[in-house]
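The values are calculated or read from the model by the stated rules, or taken from the named source; none is laboratory data. Predicted, not measured: the structure shown is a model, and the values here were computed from it. Counting neighbours? That spans all protein chains shown, and the Cβs are built from the backbone with ideal geometry, glycine included.
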Amino acid sequence: MSEPTSGGAGDPEAAGRPAPVVVLIEDETPIRRFLRVTIASEGYRLHEAGSGADGLLEVAMRQPDLVILDLGLPDMDGLEVIRRLREWTAVPILVLSARGQERDKIAALDAGADDYVSKPFGAGELLARMRVALRHLAHLGRDGGDSVFAVGDLRVDLRLRQVQVAGVEVHLTPIEYKLLTALVRHAGRVLTHRQLLKEVWGPSHVEQAHYVRVYMAQLRRKIEAEPARPRYLLSEPGVGYRLRAE
Amino acid sequence: MAEGRPDPDALLARVKAVEARQKRGKLKVFFGAAAGVGKTYAMLEAAREQQADGVDVVVGWVDTHGRAETEALLAGLPIVPPRLVEHRGALLREFDLDAALARRPALIVVDELAHTNAPGSRHAKRWQAVVELLDAGIHVYTTVNVQHLESLNDVVARVTGVVVRETVPDSVIDQADEMELVDLPPDDLLERLREGKVYVPPLAEAAAGGFFRKGNLIALRELALRRTADRVDAEMRDYMRDHAIRQTWPVAERLLVCVGPSPFSARLVRAAKRMAERLGAPWIVAHVETPAHLRLPVEMRDRIVQTLRLAEQLGAETVTLSGARMSDEILAFARARNVSKIVVGKPGRSLWRRIVLGSIVDTLVEGSGEIDVYVISGDREGAAPAAAPARPRVTDGRMYARAAAVVAGVSAVAWGLFPYLDPLNLIMVYLLGVVAVAMWAGRGPSALAAILSVAAFDFLFVPPHLTFAVSDTQHLVTFAVMLVVGLVISGLTVRMRAAAERAREREQRTAALYAMSRELANTRGLRELLLIASRHLAEVFHTRVAVLRPGPGGQLEPVPGLAAALDVESADLGVAQWVYEHRQAAGLGTATLPGASALYVPLVASHRTLGVLGVRPGDPRAFEPPEQIHQLEAFASQTALALERALLAEEAEQAKVGAETERLRNSLLSSVSHDLRTPLAAITGAATTLLATESRLDAPTRRELLETVREEADRLNRLVQNLLEMTRLESGALRLRTGWHSLEEVVGAALGRFAHTLKDRSVVLRLPPDLPLVAIDDVLAEQVLINLIDNAIKHTPPASAIEIAAWAGDGAITVEVADRGPGIAPGEERRIFDKFYRGSTGDRHGVGLGLAISEGIVRAHGGRMWAESRPQGGAAFRFTLPTAETPPSIAAADHE
C-alpha cells in the first residue's frame, strides 16, 4: 500500500482525462521496482500490494481500472484472489505467470482473468496488454463498440460482414467468419480453446479442440501471407489464440 | 592355553552365544522324573511370583487335569485361549502360538514341552513352538519329564519297558537358561497316585500300571537327578571357562563317532553323546560310504540315515565320508578336524573274517597315532538282541541257480574240448565261467560258481573220471589253486563292477551338475539364472522348486515365475527364514522342523547367504538317502555361486552407473556454472557501464549495451527453461498432454519466439498444406523446434538460411530443421544427443542440453530423432512424430 506514483510526459490527466488506476499485486520487490517505473512512465496511477490479502484490500479501496496479479503469491493462491475479486468486480485482471505453467494460465483465464503475460516479459509487451485490457473496459461502457476492426493489412467490417486483406476482399465460410469475429471482439486478448469453441460452436463442443485447429489453419491460409509465420492470427501453445491488435 | 588363558576363539564363541541368548527369550525348564511330581504346580507358583513382581505373565497352555490346587493357581493369570483344531471329526484344543506371539507377553507358561501337536499345526512338536517364542524374545516356563529326553529315551525304554514316542531334542533342554528339578520321593508319588492326584491318560492306563512301579520310579528319579547334576557340572565348567580357572580347563577334546548300518549304531551314538557331555567336548558322527555301502539293502541305508539324524538331534555334527577304505577315511578326517578321540563299535565281523580280511578297529588302532580309539560294545548294556544281522543277500536264489547253470554249460563246453585239450587247460574255461558269473551276479553266486567249477572239474576230467575221488594227490594242489584263483577273480570282478557302477552313478550326478553349471555360466541376469536352476532341479530331482530371496525388510519372499514352482505355504516361510538365518538345511525329511511341507536348503555363496531353495519332491522319501541331499546341496551351492556372480555383476554395473552419474553431475555443474555466468557477466557489465557513465555515452552505444542486456537475458531464460525440462524428463515428471495439433501452427509459434533474432535471416518453410493433424503435446513440440532453431542459429553464419520442412509418410510425420553451417563432424551424429555434449564445430554457448531434451521429448511421443550432414553442406536434424491414429473428423458442413 504505497502512495500512488504518477506523472510523466504522457500523463493522460494532462489531456483532461483521469489517469487510469492500476493495482499491482506482486511480492517480488525487483519486479515491483521495474513495473513501478514502467507503468508510471506511461502515466498510470499505480498502487502496489505485496500479498494477496493486501491486494484484495487495495482493490476494494482504490476501485482500479486494471489489476495486475502475480499468480505466485506467498499468502494465497493467485487463483483464489481472482475468484474473490470476481465475486464483486468486473475489473480487468492481467495475470503474470511463468512460461511452462500453461495449465495455471488456463485456470486463471477460466476463473475470470482477462489476459496474461509470461515471465520474463518485456515492458513493451506488458504495456500493450494493459492497453488492450483498458480498451476492452472502455468498450464495455459504450454500446456495440467499433464496427470496423483494422490491424496491418487486415480489415474486418462487422456491420457489413466484410473481410479484406490489403484491400482485397476475402471470402470466408460461416464458421471461419464466426471464428474471426470472436477473435475480433477480443482483439489483442488471448482466447482459450474452450472459450473459442464455446463462442463459435456452442457449449456442447468445448472438448472438440481439433475443430479450432482445423478452421484456424483454413482461416490463416485465407488471411495470412505466410500461414506458418502468421502476422495476425497468433497461436499461444498450450493456451489458445490471440488476434494481434496493434 | 598353557598360561591358563581362555582360548580366544572359544571365548568369542561363548560371547556370541551369550549375545544371541540376550536377544532371545529365556527358557526355564521344570524337570521331573515322572508325571505327578508337581512340575506344573511348581511352574505356576513361579509364574505367580513373577506376576507379583510386575512381570507381564500369560498362560499359553496348562493342563490342570482337573486338579483343584493347580486350578487355584491359575486364577488371576491371563490365559491365551486355545486354538480349536478339527481332526477326524474330533475337536482338539491346541496351544495358539500366533495368538501368543501377537499378545507378546514378557513371560509365557507353556506346559508339556514334549507334546505332539495336532496335524495341521505349524510345528509338529510343541518344543518347536517354544523355540519360536524364545526367538521372538519371549521368556518361557515349561515342563519336561525325564523319559521325554531324546538321549535318555533308550535307557528309559530299557528300564521301564515302555517306549516313549514323544521326545524333545537334548539341544533344546541344553539351551535352557535355567533348569529346576521338581523332585518327589517315589513313595510319596505312589501315595499321590493312589489318592488319584496323578493324571494318567485313559488310554495309557494299562501301560501306566506297569510304569508306576516303585523300581521304575527309583530308576527314573536317579536318571533325572543325574541329568540335573550333569547340567550343574556343565554350568560349573562354563563358569570356570568364563573365569579361566586353570585346573579344570579342558584340553580341546573332540570326539569322532563312526557309525554304520548296524542296529547298535543308535546306541553307540547315545553312549558317545553321554561321553561327549561328560568331556564337555564337541562331537562328530561320521559315516563312511564305501563301495560296499551301495550294495546294502534299502532298510540298512535307511538305518544309517536314521542314526545320523538321531545324532543331529542329540547335538552332534554329522558327516558322510566316502572312500574305498573305511579306516583311511576316518583317520584322514580325524586328523583334518583335530579329533582327539575316535569312538567305534565293537566289530561285527566274525573271528575268521577278521583274521582273513583284517578288522577296521585294528587298522584304526594301527594308524591312529596320538588319537585315542575307544571301542564300545554294541550290547554292553544287555537287553538287546545279540545276533548280528545276517549279511545282506543282494542276490536272490535265482542268481545262484543261474551260477550253477553257467557251470553246467561251461562243463558241457569243456567236455566237448576234452579230446583236444590238456585237462589243465580246461581250468581256464571254468575260470572264464566264474568271471562271467561275477560280472552279472555278484559275489555269492560267483563264489558258488568257483566251488562248483572245482567240483565239476574233479568229477569230469580228473582221473578216475565221473567220481570225486582223486588218484593223483598233486591234483589237490590244483584244486586249491583253482579255488583260490576263482574266488579272487570273482572278488576282484565284483569289486570292479561295483566301482564302475559307483563311478557311473557319480558320473551321472556330476554330469547333471555340470549341465546346470554350464548353462548357468552362459546366463546373465538374476531371473534367468533362477529359472534355469529351477528347471534343472525339477528335472534331476523330480521335484517342485521355490527360491526365496530376502526382500527389502530382510524377510524372505518367494521369487515368482520359476519352472515347476512350489507354492510356499505361509507356515513354511518361518522354516525358510530359519534356514536362511542358520545356514542349515531344514524341513521335510530332515531333523529340523520336519513338519514343513518342503525341504529347504540355504543358498550359501562364498561371502553370504543369498536365499533359500525349497524343494518338494513327488516322492516324500526322495531325499532320505544322504547322497541325494548331498547332491541337492551341490546343486544349491552351484546355484548360489551363480547367483552371487550375477549379484556382483549387478552391483558392479550399479557402481558404474553411479560413477557415470557422478561424472554427469560434475559436467553439469561446470557447464551450468559457466553457461549461467557468461550471460550474467555480460548483463552485469553492460548495466554497470550504463550506471557509471550514464550521459557520457552516445545514444547508439547506450542502445548497444541495452541490446546486450536483453539478448543475454533471453539466453539465460532459454537455458533455465532447458534445465527445467531436463529435470522434468529425468525425474519422470514429464507428462504429455497430447491433443490434435497442426504442425504448421507449432512451427509458427516457435518461429514467433525468434522474431527478433531471425529478422535478418531467410527462413525457408516447406510445409505441405494437407499435412494431417498430429497427436502431440504442443508446448513440448514447440520446445523441440525452439531448441532446433536455436541450435541452427548458434552454429551457422549470421546471414545463412534456415530451412524447416515436414512431410507425411510411413505412419509418421517427419520434421526437418536444416542449416547451411559447417555440418556435423563425422562420427558425432549420435554423440551430439548426449547430455552436456558440445559439438566440436563452432559451438559458442549452450550446455549441450537442448538436443538431449529434444530427443527425450520426441521419444516420449514415440518418435525418434537423428542428425546428418547434408550433401550440399550444413546439418539436418530430423525427428518423426507417429501418426498411428487417424485424426478425428469434423462433423458440420461449412461452405462459403
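Structure summary
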item: Residues (among the basic types (Lys, Arg) and more than 10 Å from chain A (Cβ to nearest Cβ)) located in the stretch B:758-796; result: B:Lys759, B:Arg761, B:Lys794
item: Residues within the stretch A:74-104 that are part of a loop (DSSP other than H, G, I, E, B), within 21 Å of B:Leu724 (Cβ to Cβ) and touching a residue at least 24 places away in the same chain (Cβ under 8 Å), tallied; result: 1
item: All positions within the stretch A:161-206 that are more than 10 Å from chain B (Cβ to nearest Cβ), more than 18 Å from A:Arg244 (Cβ to Cβ) and assigned to a loop (DSSP other than H, G, I, E, B); result: A:Arg161, A:Gly167, A:Gly202, A:Val206
item: All positions within the stretch B:671-688 that are at pLDDT 70 or above and hydroxyl-bearing (Ser, Thr, Tyr); result: B:Ser673, B:Thr678, B:Thr684, B:Thr688
item: Residue among B:Val720, B:Val784 that alone is part of a helix (DSSP H, G or I), under 58 Å from the mean Cα position of the chain (by Cα) and at pLDDT 90 or above; result: B:Val784
item: Pair list, Cβ < 8 Å and 6+ apart or interchain, from the stretch B:778-804 residues that are touching a residue at least 12 places away in the same chain (Cβ under 8 Å) and under 10 Å from B:Gly850 (Cα atoms) to residues that are among the hydroxyl-bearing types (Ser, Thr, Tyr) and crowded, with 21+ Cβ neighbours inside 10 Å; result: B:Gln783/B:Ser854; B:Val784/B:Ser854; B:Asn787/B:Ser854; B:Leu788/B:Ser854
item: Enumeration of residues in the stretch B:645-668 that are modelled with pLDDT under 75, surrounded by 11 or more Cβ atoms within 10 Å (Cβ to Cβ) and aliphatic (A, V, I, L, M); result: B:Leu664, B:Leu668
item: Answer residue from the stretch B:714-752, given it is buried (at least 17 other Cβ atoms within 10 Å of the Cβ) and away from chain A (no Cβ under 12 Å) and is farthest from B:Leu773 (Cα to Cα) among those; result: B:Leu719
item: Options B:Leu729, B:Leu734: the member that is outside any helix (DSSP H, G or I), under 30 Å from B:Pro888 (Cα atoms) and modelled with pLDDT under 85; result: B:Leu734
item: For B:Ala808: the one exception among (1) at the interface with another protein chain (Cβ under 10 Å from one of its Cβ atoms); (2) under 23 Å from A:Tyr215 (Cα atoms); result: (1)
item: Residue satisfying condition, being farther than 30 Å from B:Thr590 by Cα and either surrounded by 14 or more Cβ atoms within 10 Å (Cβ to Cβ) or in contact (Cβ under 8 Å) with a residue 24 or more places away in the chain (or both), within set B:Gly54, B:Gly38; result: B:Gly38
item: Lone qualifier among B:Glu178, B:Glu150 - being acidic (Asp, Glu) and either under 17 Å from B:Lys39 (Cα atoms) or modelled with pLDDT under 80 (or both); result: B:Glu178
item: Test: residue in the stretch B:687-707 that is within 12 Å of another protein chain (Cβ to nearest Cβ) and surrounded by 15 or more Cβ atoms within 10 Å (Cβ to Cβ); result: no
item: Failed item in (1) assigned to a loop (DSSP other than H, G, I, E, B); (2) more than 23 Å from A:Gly122 (Cα to Cα); (3) facing chain A (nearest Cβ under 10 Å), with B:Ala755 passing the rest; result: (2)
item: Residue in the stretch B:278-286 that is at pLDDT 75 or above, assigned to a helix (DSSP H, G or I), in contact with a helix residue (DSSP H, G or I) (Cβ under 7 Å, 6 or more places away or on another chain) and closer than 29 Å to B:Phe623 by Cα present; result: no
item: Identity of the residue in the stretch A:215-231, within 15 Å of A:Tyr177 (Cα to Cα) and in contact with a Leu (Cβ under 7 Å, 6 or more places away or on another chain), that ends up farthest from the other protein chains (Cβ to nearest Cβ); result: A:Ile223
item: Search result, residues across the stretch A:223-239 that are among the β-branched types (Val, Ile, Thr) and part of a loop (DSSP other than H, G, I, E, B); result: A:Val239
item: Candidate set from the stretch A:103-116 (those that are within 14 Å of another protein chain (Cβ to nearest Cβ) and surrounded by fewer than 22 Cβ atoms within 10 Å (Cβ to Cβ)); member that is nearest to the chain's Cα centre (by Cα); result: A:Ile106
item: Positions within the stretch A:143-191 being of a type in the set (S, T, N, Q) and over 24 Å from A:Asp114 (Cα atoms), in sequence order; result: A:Gln162, A:Gln164, A:Thr173
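So that you can scan it fast, the table gives a plain yes or no per residue for (1) of a type outside the set (D, E, K, R); (2) more than 27 Å from B:Ala792 (Cβ to Cβ); (3) at pLDDT 80 or above:
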{"site": "B:Leu690", "(1), (2), (3)": "yes, yes, yes"}
{"site": "B:Ala699", "(1), (2), (3)": "yes, yes, yes"}
{"site": "B:Arg702", "(1), (2), (3)": "no, yes, yes"}
{"site": "B:Glu711", "(1), (2), (3)": "no, no, yes"}
{"site": "B:Trp740", "(1), (2), (3)": "yes, yes, yes"}
{"site": "B:Asp760", "(1), (2), (3)": "no, no, yes"}
